[in-house]
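First the structure, in the form of structure tokens, and then the observations on it.
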Amino acid sequence: MVSSGKINTNGVVSLNSYSVAIGGVIRDVDGNWLCGYLMVLGKDEVFKIEARSMLEGLHLLWDKGYRQVELECHNTKELENLYPSNS
């Protein structure tokens, strides 16, 4: 059986210091917490920050053996870039 997981991600930019933080929460399909992550990065564009947060979460799940992933992100434009519609 293939393990399934869910990632909720976010990226934040501090207006005072211009530093960037990314993070996420990883849960199994029943909503049980598996792990979380937080990283502080240098300055970058908003879309790159969101993409990096998603990528880090996907790497963590893959390393834990999860192959089916539900990804939630508040930045719909980023998700549209990852999964363009065929219409």
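For region 60-80, the condition holds for at least one residue, the condition being that it is at pLDDT 80 or above, open to solvent by 90 Å² or more (accessible area, probe 1.4 Å), touching a Lys or Arg at 6+ places or on another chain (Cβ under 9 Å) and not basic (K, R).
Specify which of the listed residues (V40, V2) is of a type in the set (V, I, T) and at pLDDT below 80. Let's see the steps before the verdict.
Working: V40 fails: at pLDDT below 80.
Selected residue: V2, the only one of V40, V2 that is of a type in the set (V, I, T) and at pLDDT below 80.
Taking the residues in region 17-34 that are touching a Gly at 6+ places or on another chain (Cβ under 9 Å) and either under 13 Å from G5 (Cβ atoms) or free of Cβ contacts under 8 Å to residues at least 24 places away in the same chain (or both) as candidates, determine which candidate is surrounded by the fewest Cβ atoms within 10 Å (Cβ to Cβ).
Restricting attention to region 17-34, the residues satisfying the condition of being touching a Gly at 6+ places or on another chain (Cβ under 9 Å) are 18-29, 34.
From what's left, either under 13 Å from G5 (Cβ atoms) or free of Cβ contacts under 8 Å to residues at least 24 places away in the same chain (or both): 21, 24-29, 34.
Working: A21: 15, G24: 24, V25: 16, I26: 21, R27: 16, D28: 14, V29: 12, L34: 15.
Top of the filtered list is V29.
The values are calculated or read from the model by the stated rules, or taken from the named source; none is laboratory data. Since this is a predicted model, take the numbers as computed values, not measurements. FYI the Cβ positions are ideal-geometry reconstructions off the backbone, even for glycines, and counts take in every protein chain you see. Ligands, DNA and RNA are excluded from the accessible area calculation, which covers all protein heavy atoms including side chains. Shrake-Rupley method; radii C 1.70, N 1.55, O 1.52, S 1.80 Å.
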